[in-house]
Amino acid sequence: MTDPGRRGDAPADDLRPVPIEPAPALRVAALLEYDGSAYAGWQSQAHAKSLQDTVEAALAFVAGAPVAAVCAGRTDAGVHALGQVIHFDTAARRTPRAWVLGANTRLPADISLQWAGEVAADFHARHTALRRIYRYHILNRSARSALAAGRATWIHRPLDVDAMRTAAQSLLGEHDFSAFRSIECQSKSSRRRVERISVEQDRDSVCIEISANAYLHHMVRNIVGTLLEVQSERDPPGAMRRILESRDRRLAGATVPAAGLYLCRVEYPVAHAIPAPNGRFCYTVA
């Protein structure tokens, strides 16, 4: 007699459920804004609070699985961002709105996801980037500010912004920036290409903005510190060129505080459709 639980003489194994293949991983990019004051930098650390750990935990909540995020630039302790770009791979299917709103419910007030979207599998937040734009804010007035504390560096002595501006142009182009790298810098090459550098003043606010393909460790903060010193030289551009060509860190200026530094924007090939940050942060106190 034929077993009613069998289909004819077919093997019993035919009745086992077909295993469901896991969904293939998608690559998602996201745009982050954060105040880095309370964090020991972007990179995950065993004994300190990092931005990476905090962001990954929020994204994992939305994904329902662990998430490993790769960033465009590993900002140091105390450095802020208007437009940090990250990417991560996930099997979770979520709308861009769900990534943003869901992650922000789990992120503290000093970190905010601004945008998220699926990108091509070959997109890489760090390696695909064409350039990174950093901005350094200085509050230049006799009295310190209670509201700008932690958001800008206070310098009470008068600054010669015109001299700083002309000196900064000596850094344009591709050079060996060893004079502006920290002793902890682990980059194999010290050559970088600075595409644009501006020094602008609006009342008591001085903003130094640098666009480059990449940076050495503390490069922006060391450049700003050097501009603050060479402004008083008889020939500021010449002094800046001599320091650059020396490749000697001892001849450059002091490393300015992290509080005034912002990763403003990371630019990619247009095909990847990574949006620009929504606006320009302004700490200026009326």
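Charges at C-beta only: +1 for Lys and Arg, -1 for Asp and Glu. How large is the resulting dipole of the chain about its Cα centre, in Debye rounded to 20?
Here the size comes out at about 600 debye.
Distance between Cα centroids, region 123-195 to region 93-120: provide it in whole Å.
29 Å
Give the carbon-plus-sulfur fraction of the accessible surface of region 34-109 in %, rounded to a whole number; probe 1.4 Å, heavy atoms of protein chains only.
It is 55 percent, rounded to a whole number.
Can you tell me how much longer the chain between S232 and R93 gets when fully stretched, taken as 0.36 nm per residue apart minus their C-alpha distance, in nm with one decimal?
That works out to 44.3 nm of additional length.
Show me the trypsin sites (Lys or Arg not before Pro) within region 88-173 that DSSP assigns to loop and that have at most 13 other Cβ atoms within 10 Å of their Cβ.
R93, R144
Per-residue counts of other Cβ atoms within 10 Å, averaged by peptide: what ranking do you get for 244-252, 69-77, highest first?
Peptide ranking by packing, descending: 69-77, 244-252.
Using only Cα atoms, tell me the angle between helix 96-106 and the longest principal axis of the chain; keep it within 0 to 90° and round to the nearest 10.
70 degrees
Compute the separation of the alpha-carbon centres of region 223-251 and region 19-70 and state it in Å as a whole number.
Measuring centre to centre over Cα atoms gives 39 Å.
Relative to the longest principal axis of the chain, what angle (0 to 90°, nearest 10) does the C-alpha long axis of helix 51-63 take?
Tilt of helix 51-63: around 30 degrees.
What are the principal axis extents of the Cα atoms in region 158-269, in Å, biggest first?
Result, largest extent first: 38, 32, 24 Å.
Among rounded, prolate and oblate, which fits region 81-226 when a ≥ b ≥ c are the square roots of the eigenvalues of its C-alpha gyration tensor, a/c under 1.5 means rounded, and a/b larger than b/c means prolate?
Details: a/c = 2.58, a/b = 1.42, b/c = 1.82.
Oblate, since a/c reaches 1.5 and b/c is not below a/b.
Mind checking which of L107, G173, Q45 is farthest towards the positive end of region 32-174's charge dipole, using Cβ charges of +1 (Lys, Arg) and -1 (Asp, Glu) about the Cα centre?
Sorting the options by dipole projection puts first L107.
Set Lys and Arg Cβ to +1 and Asp and Glu Cβ to -1, take the dipole of region 172-217 about its Cα centre, and tell me which of S187, I197, S211 lies farthest positive.
S187
Find how much the distance from V270 to S178 grows on full extension, using 0.36 nm per residue of separation minus their present alpha carbon separation; answer in nm with one decimal.
Going from the current span to full extension adds 29.9 nm.
How far is it, in nm, from the label point at S112 to the one at L130 when both lie 7 Å from their Cα along the line to the Cβ?
Once both label points are built, they end up 2.7 nm from each other.
Apply the Karplus parameterisation 6.51 cos²θ - 1.76 cosθ + 1.60, with θ equal to phi minus 60°, to every residue of region 191-201 and state each ³J(HN,Hα) to the nearest whole Hz, in sequence, with x for glycine and proline.
Calculated HN-Hα couplings, in order: 8, 9, 10, 8, 8, 7, 8, 10, 10, 10, 10 Hz.
Can you work out the FRET efficiency for the pair V70 and I155, with r the C-beta to C-beta distance and R0 = 45 Å, to the nearest 0.05?
It comes to 0.80.
In region 174-206, which GluC sites (Glu not before Pro) are in a loop and have at most 13 other Cβ atoms within 10 Å, using DSSP for the loop call?
For GluC sites (Glu not before Pro) across region 174-206 that sit outside H, G, I, E and B with at most 13 neighbouring Cβ atoms in 10 Å, the list reads E184.
Just to be sure I understand: if I project the alpha-carbon convex hull of the chain onto a plane and average over all orientations, what area do I get in nm²?
20.9 nm²
In whole Hz, with x marking every Gly and Pro, tabulate ³J(HN,Hα) for region 137-154 from phi via Karplus 6.51 cos²θ - 1.76 cosθ + 1.60, θ = phi - 60°.
In residue order, the calculated couplings are 9, 10, 9, 10, 7, 6, 10, 5, 10, 6, 7, 8, 4, x, 10, 8, 8, 8 Hz.
Using helices alone, what [θ] at 222 nm do you get for the chain, with -39,500 (n - 2.57) per DSSP H run of 4 or more residues, divided over all residues and rounded to the nearest 500?
So the calculated ellipticity at 222 nm is -6000 deg cm²/dmol.
The values are calculated or read from the model by the stated rules, or taken from the named source; none is laboratory data. Model, not experiment: these values are computed from the prediction. Positions of Cβ are generated from backbone atoms using ideal geometry, with glycine treated the same way; all protein chains shown enter the neighbour counts. Areas reflect the complete protein model, heavy atoms only, side chains present, ligands, DNA and RNA absent. Shrake-Rupley method; radii C 1.70, N 1.55, O 1.52, S 1.80 Å.
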